[in-house]
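Nothing in this text is a laboratory measurement; each read-out follows from the coordinates by a stated rule. Computed from a prediction, not measured in an experiment: that's the story for all the values here. Reconstructed Cβ throughout: ideal geometry from the backbone, glycine too, with neighbour counts over all protein chains shown.
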Amino acid sequence: MQNNPLLRHIVATSGDSFQPISPIPTEAVGSIPLSEESDVKNAISHSRTAFESWSYTSMAEREKIMRKLQKLIMRQRHELLDVIQRETGKARAHALEELVHTVMTARFLEKNAADIIKSRDRHGAVPFTTKTTVNHMPIGVVGIIAPWNYPFSLAMIDALAAIMAGNSVVLKPDLQTSWSALHAVRLLELAGLPEGVMTVVTGEGETVGKALVDQADYVCFTGSTETGRIIAQQVGERLINASLELGGKNPMIVCKDADIERFVDVALSSCFTSAGQLCVSTERIYIDREIFEQFKNAFVTRVKEISLGSHLGWGYDMGSITSKEQLERIDAAVKQARSEGAVIECGGRVRTDIGPLVYEPTVLTHVNRTMEIARKEVFGPVVYLTPFDTIEEAIKMSNDTGFGLSGSIITSNKKVAYDIAAEMNCGSVNINEGFAATFGSVEAPMGGMGQSGSGRRQGPEGLLRFTEAQTVSLQRGALVSRKFGSNDKRWGRTMVLKLRLMRLLHLR
Ligand code: NAD
């Protein structure tokens, strides 16, 4: 594996390596050479050199790479799906969602990036005589730190936006899932990205990740709220910008007019995609008391029917937990909830008969807001159901955790849905869907409020975060400011007159 050509995308000279363990017992993942802090320095310096020329490439050239990348991902999807499944243990359908998301993002950028970042004129200080233009300039070297749960798409979607905006990228994937990230970089190179525009460093967050945050010109972090806080302090000290895509405790509100079949289908995919190891996964469902028992029974019946698996390929609904540590966290969270009074309606067991890291999809009831599970992200296939009496109460409970990533509303009344959405403190609201409607809307921003982070990925906002806005104003005729030595009182009168005139003529 050490001779694998993909490894040349990593800057790593420590001589040490890391051996990830596949959650799928019959599969092996190759070991990964480890970078050290000096490698990060070299990667940044190499990336800065690549930036010098990349930032001057035409948008047409960048679009060509996006176009080719989409084809390559589709063509090589079988191999990519194997890599993602091998590293994460997720079901193949969920691995495919990563590829679909990346292709959609590349297509959005190919078609829209040039228009979003092109220079635009704005109204100037003085009508007709001040010509003001806003330019969007690339920032430099973008450091991307990615988690293990969506290793291909989260290595790619932010990097593609950064690259399209003219930056170079140094990526630090999670150690468990470096191969998915390396495949992503290889595909970009095959699509025509010049060598050095995207480089990888590998290693522990506390050392290699920290060194990247210390040296990059912009940091794009996806991971836990705890790590997000550390990174926010570091970038604050350096006075550089960052986007922080963090955890969630995402609610779903089910109104009494909800269609039961629709609710069950939406809730299943929203809670158990990637075995719940998804930032926008639903972890709590508030159901109108009038329909609570009926909906609970229908949901639990279907959850028990979810097929589990732990092998490469198609054929099951839900796969493994990605690591032993994560499995232990999930199991401990459920046990703790039970000890605090929660009732397990179904699930709640490790299924070593299916795979070493398979955890049953789990539904809890009788959870109250003081329990740990009501306040902490589980990041696993665990959801609790709670009845509500009024919509106001449901909204209050939804907004009660400090997180604010994603939410869902199930109702057949559109007006009610939009009214509830306006009251929900979260970055994305899905009506009659789980997370997929907003997450798949790659033209729209995606990100969190409160402890779920700051900044937005996707859409124009996700591209513009990787640029510095520069305003250039050309002044023709008289100066905007007072000429020193001139009659200040007369200048004052002229200014007041000008303001009145602008208001009268409706000039901006
Ligand atoms: P994590 O914070 O432990 O690690 C994420 C990445 O940060 C890893 O690459 C890790 O090596 C690195 N890291 C750790 N400490 C660091 C430090 N001090 N400095 C720099 N880098 C450091 O998170 P995780 O457990 O791997 O990922 C799961 C979390 O990610 C969940 O909370 C999930 O909700 C969140 N997530 C959020 C989004 C989103 O879009 N909001 C998407 C996916 C995952």
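Observations on the model:
- Within the stretch 64-161, chymotrypsin sites (Phe, Trp or Tyr not before Pro) in DSSP loop having at most 10 other beta-carbon neighbours inside 10 Å: Phe128
- Counted by neighbouring Cβ atoms within 10 Å, the residues Thr401, Thr132, Thr177 run from fewest to most as Thr132, Thr401, Thr177.
- Sequence of Tyr150, Tyr384, Tyr418 once ranked by neighbouring C-beta atoms within 10 Å, starting from the fewest: Tyr418, Tyr384, Tyr150
- For the stretch 131-166 versus the stretch 286-308, the gap between their alpha-carbon centres in whole angstrom: 40
- Every helix of 4 or more DSSP H residues in the chain counts as -39500 (n - 2.57), and over all residues that averages to -13000 deg cm²/dmol at 222 nm.
- Global dimensions of the chain from alpha-carbon coordinates: Rg and Dmax equal 25.5, 90 Å.
- log10 of Debye I(q)/I(0), alpha-carbon scatterers only, for the stretch 250-441 at 0.16 Å⁻¹: -0.96
- Across the stretch 250-441, the relative contact order, built from alpha-carbon pairs under 8 Å that are at least six residues apart, equals 29 percent.
- Cross-link pairs Lys90/Lys324; Lys210/Lys249; Lys335/Lys396; Lys68/Lys111; Lys256/Lys296; Lys210/Lys324 - those with Cα-Cα distance over 18 Å: Lys210/Lys249; Lys335/Lys396; Lys210/Lys324
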